[in-house]
Amino acid sequence: MLLTETVEKIKSMEIRGAGRIARAAVEALQEFACTLRVKDIDEFKGEMMKAASILETTRPTAVSLPNAIHYVMSGLSGDHEVEKARAALILRAETFIHDSTHAVERIGEIGARHIQNGDVILTHCNSEAALGCIITAHRAGKDISVIATEVRPRNQGLLTIRTLNDAGISTQYIVDSAARHFINEVDMVIVGADAVTVNGAVVNKIGTAPIALAAHEARTSFIVAAETYKFAPRTLFGELIQIEERNTNEVLPVPLQESLPHVRVRNPVFDVTPASYIDLIVTERGVFPPSLAYLIIREHLGWSIEEFHKTFEMDYRDQV
């Protein structure tokens, strides 16, 4: 897939889900590096940095995207020959794709241990990691059922119920606003994440926070399944994660909007669930309470205060 095609598919949400977005971006960088025919190392690095910058701006809330791009682009550091730089970048791209794919499998294995026989699980949006936990538990012979939300306005819930149906899991499909109505029938909520902040708050699909609040009120376990590359290093210094707002046409068609001149349509894609509503975060590295999110950033992503200053106060050009 060409770089421009990947950019458009991420922007249009044809490619969706933080993990899928990250892998698609890395694959695009890898392909771009393979096809880039220049002999000058500075020109090679410059073109790669432009490609990385274009990809990073496609979905500003998905922290997996800059984390993945940073990991791959750091493979350019120190090389002074084009072919060595190309090989280093391709190797890191292949490593990321391999590790991120297996991270979902590992999360499924770990998360399934927290699901009991007979549990009713509520899930929201279409998360590879969350579904991995549910499907792995089902494959282990646990008799479970799922309540899945529709996920307005793009109806990602349809993808979720198809996946669950294909896995043979009994599923109920509800409108988003019915989640609180059903929360007392639920033993556990499992959702994914687009970003996890240093204080353990989770950015996920709009509607996640109200479900978390309902679960908190009902004393229902609320679990987040997230790969470590979804943790947000920039929040170490208080930087807020940008909440993306998409085209209002997804909510109301243009003719209807034009007929309502005093109405403003808002379409935020994500909301923020406070750490106090989250019981556990399941990662490929193990299970953590939200209060230990900092350790993921420091120990497993390798970010420290010093690394932050070295990297995030510089752009890609400074890095390489």
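Just so it is clear, none of the values below were taken in a lab; they were calculated from the coordinates. Model, not experiment: these values are computed from the prediction.
Calculate, in whole percent, how much of the Cα-Cα pair population of segment 1-119 lies beyond 20 Å. Intermediate results must be reported in sequence, preceding the final value.
Working: 3143 of 7021 pairs.
Cα-Cα pairs in segment 1-119 separated by more than 20 Å: 45 percent.
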**Message:** Quick check on the chain: helices-only [θ] at 222 nm, where DSSP H runs of length 4 and up contribute -39,500 (n - 2.57) each and the sum goes over total residues. Nearest 500, please.
**Reply:** -13000 deg cm²/dmol
**Request:** Quick one: P(r) of the chain from all Cα-Cα pairs, 20 Å bins, percents rounded to integers, in order of increasing distance.
**Result:** 32, 55, 14, 0
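Shape verdict for segment 134-236, please, from the Cα gyration tensor: rounded (a/c under 1.5), prolate (a/b greater than b/c) or oblate.
Numbers: a/c = 1.59, a/b = 1.39, b/c = 1.15.
Judged from the Cα gyration tensor, segment 134-236 comes out prolate (a/c at least 1.5, a/b above b/c).
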**Prompt:** Of the cross-linked pairs 39/230; 142/230; 84/205, which ones have a Cα-Cα span greater than 32 Å in the structure shown?
**Reply:** 39/230; 84/205
**Fill in**
extent check for segment 183-248: Cα max minus min per principal axis, descending, whole Å, gives 38, 31, 19
**Backbone HN-Hα couplings from phi across segment 249-265 [Karplus 6.51/-1.76/1.60, Hz, Gly and Pro as x]** = 4, 5, 9, 9, x, 3, x, 5, 4, 5, 7, 10, x, 9, 10, 10, 8
**Request:** Calculate one ³J(HN,Hα) per residue across segment 3-16 by plugging θ = phi - 60° into the Karplus curve 6.51 cos²θ - 1.76 cosθ + 1.60, and present them in order as whole Hz with x for glycine and proline.
**Result:** 4, 5, 5, 4, 4, 5, 5, 6, 4, 7, 6, 5, 9, 9
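Tell me the relative contact order for the chain as a rounded percent, counting alpha carbon contacts under 8 Å between residues six or more apart. Mind dumping the intermediate values first?
Details: 570 pairs, mean separation 56.0, N = 320.
Relative contact order, the chain: 18 percent.
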**Request:** Work out from phi, with θ = phi - 60° and the Karplus expression 6.51 cos²θ - 1.76 cosθ + 1.60, the ³J(HN,Hα) of each residue of segment 185-199, listed in order in whole Hz, and give x for Gly and Pro.
**Result:** 8, 9, 8, 7, 9, 10, 10, x, 8, 9, 7, 10, 8, 5, 8
**Asked** List the aspartates and glutamates whose alpha-carbon lies under 17 Å from that of residue 50, not counting same-chain residues fewer than 8 positions away?
**Response** 5, 8, 27, 31, 40, 42, 315, 318
**Request:** Would you please give the residues with an amide H less than 5 Å from that of residue 172, counting only those at least 5 places away or on a separate chain, with H modeled from the backbone geometry?
**Result:** 146, 147, 148
